[in-house]
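These notes concern the structure reproduced below.
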Ligand SMILES: *[C@@H]1O[C@H](CO)[C@@H](O)[C@H](O)[C@H]1NC(C)=O
Ligand SMILES: *[C@@H]1O[C@H](CO)[C@@H](O)[C@H](O)[C@H]1NC(C)=O
Ligand SMILES: [Zn+2]
């Protein structure tokens, strides 16, 4: 009896120590358990620290506090020491920037998943630092032109998107005069509408004329959402002759002159005046997609802005990176519409972007099957038009922008803040308290060769016009609403992106 009680007394401190150690480790590990598979980082509350955090107040050194998917504080360097009670991911000199929002993407799903699809497409987006993309209503089959066809997309994204995805609905002659059909589509959550002023190349997505566009704007006014327009109108004067070499890029260029863009924009401006304050379509907004012509077309848009029209314009990295004289005959990877024009045009696009006349950038990622690119025939007239680029837009904009002195703030403006405004997402697009923790971490000074050894997640890397290039700016990590979805070649086990629907 006596012996036993002595033993207990002797063992008690040890037992207490063991118990408290167990509790300590349990508590520690509880926080570290992969509570779900959505993130490569098992914390719900943590800090991302860096010497270069891109905020609306400029680039700061410090840390971003993230809790339950949101940014809850931004701590400047001086005040941060010793204050962290939770986990810190330190990125040193790497840039911490708002995730990119790509408002113009064709993922071809459902119906043409062999072209791209949500799975490969959003994985490539995550690897490229894109935290939200907006999927176009065409190239998927059927086209997204009604509430019912939008539902097919919502079904197709389930467990198949690594980043957040919003949707544009299609404005076509068939629904343009049917207010209840358009309202059904808008009420179902599309972020706005998209239409073409020339043939789209997709049978169930016919082109609209200016009457359809005017009708569309009047419905959109009520919802305060934008109409995106492919602004090219076919001009009779420029024809493809049998004597022209279809492998020559100059042939393709000749058949789609800047006059197509100019004519379309001139027509559009007849109806965008309705969007002015006090106008019949006040509340609606017109956004010109993928502008290529930096001369008359751009001047017209500038004038409209000055007059108070609610209008914005985007261009794409391929118009900023390439010029016609560099495109080899037969290299149909570079075919897109409107076409990539001459070097002087490219210089003027940069100028307009830097001066703010071009509002934002988008990829217009528009892939297809390698067979339809006709890479071996090299026939520019018959090949599918569209540039495959989604994973590379950040390093491309940075690499080609270096000689124009592009800043981190400008990248964040063109790729995050302005796109978020276009799609009406007030909780995205800037690193600010209360916003979604949508963040890209990247190394501006690291160069890489986009060769066959480079991990490309797009379904068909071979059709991308960027393959073979040397680029600057390597994406290290991508966070979507606090989930680390991509980290140096690895992705989160589960695809936990969510649909972004307008309310
Ligand atoms: C308008 O759209 C609605 C809903 O999609 C449809 O039921 C109706 O038949 C359409 N009306 C016309 C005239 O096409
Ligand atoms: C546009 O097409 C519709 C038919 O869908 C037609 O009623 C309208 O007059 C056309 N508008 C113009 C300007 O051609
Ligand atoms: Zn497009």
message: Considering only residues that are touching a residue at least 60 places away in the same chain (Cβ under 8 Å), in a loop (DSSP other than H, G, I, E, B) and away from ligand 3 (no atom under 16 Å from the Cβ), which ones fall in the stretch 118-146?
response: 128, 129, 142
Residue count for the stretch 196-211, restricted to those that are touching a strand residue (DSSP E or B) at 6+ places or on another chain (Cβ under 6 Å) and either part of a helix (DSSP H, G or I) or within 12 Å of ligand 2 (Cβ to nearest atom) (or both): 2
query: Got at least one residue in the stretch 251-261 being within 16 Å of ligand 2 (Cβ to nearest atom) and surrounded by 23 or more Cβ atoms within 10 Å (Cβ to Cβ)?
result: no
- request: Of the conditions (1) buried (at least 17 other Cβ atoms within 10 Å of the Cβ); (2) within 15 Å of ligand 2 (Cβ to nearest atom), residue 192 clears all except one; give me its number.
  value: (2)
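A quick yes/no check of all residues on (1) within 16 Å of ligand 3 (Cβ to nearest atom); (2) within 29 Å of residue 393 (Cα to Cα); (3) within 25 Å of the chain's Cα centre (by Cα); (4) assigned to a loop (DSSP other than H, G, I, E, B):
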| position | (1), (2), (3), (4) |
| --- | --- |
| 285 | no, yes, yes, no |
| 291 | yes, yes, yes, yes |
| 299 | no, yes, no, no |
| 314 | yes, yes, yes, no |
| 318 | yes, yes, yes, no |
- prompt: surrounded by fewer than 24 Cβ atoms within 10 Å (Cβ to Cβ) and either part of a loop (DSSP other than H, G, I, E, B) or within 16 Å of ligand 2 (Cβ to nearest atom) (or both), is that true of residue 149?
  reply: no
field: Criterion (within 16 Å of ligand 1 (Cβ to nearest atom) and either free of Cβ contacts under 8 Å to residues at least 60 places away in the same chain or under 24 Å from residue 308 (Cα atoms) (or both)) met by exactly one of 232, 215
entry: 215
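Would it be correct to say that residue 387 is more than 21 Å from residue 328 (Cβ to Cβ) and modelled with pLDDT of 95 or more? Lay out the reasoning, then the answer.
Details: more than 21 Å from residue 328 (Cβ to Cβ): no; modelled with pLDDT of 95 or more: yes.
No.
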- prompt: In this structure, does residue 182 turn out to be in a helix (DSSP H, G or I), buried (at least 24 other Cβ atoms within 10 Å of the Cβ), within 13 Å of ligand 1 (Cβ to nearest atom) and touching a residue at least 24 places away in the same chain (Cβ under 8 Å)?
  reply: yes
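The values are calculated or read from the model by the stated rules, or taken from the named source; none is laboratory data. Computed from a predicted structure; not experimentally measured. Reconstructed Cβ throughout: ideal geometry from the backbone, glycine too, with neighbour counts over all protein chains shown.
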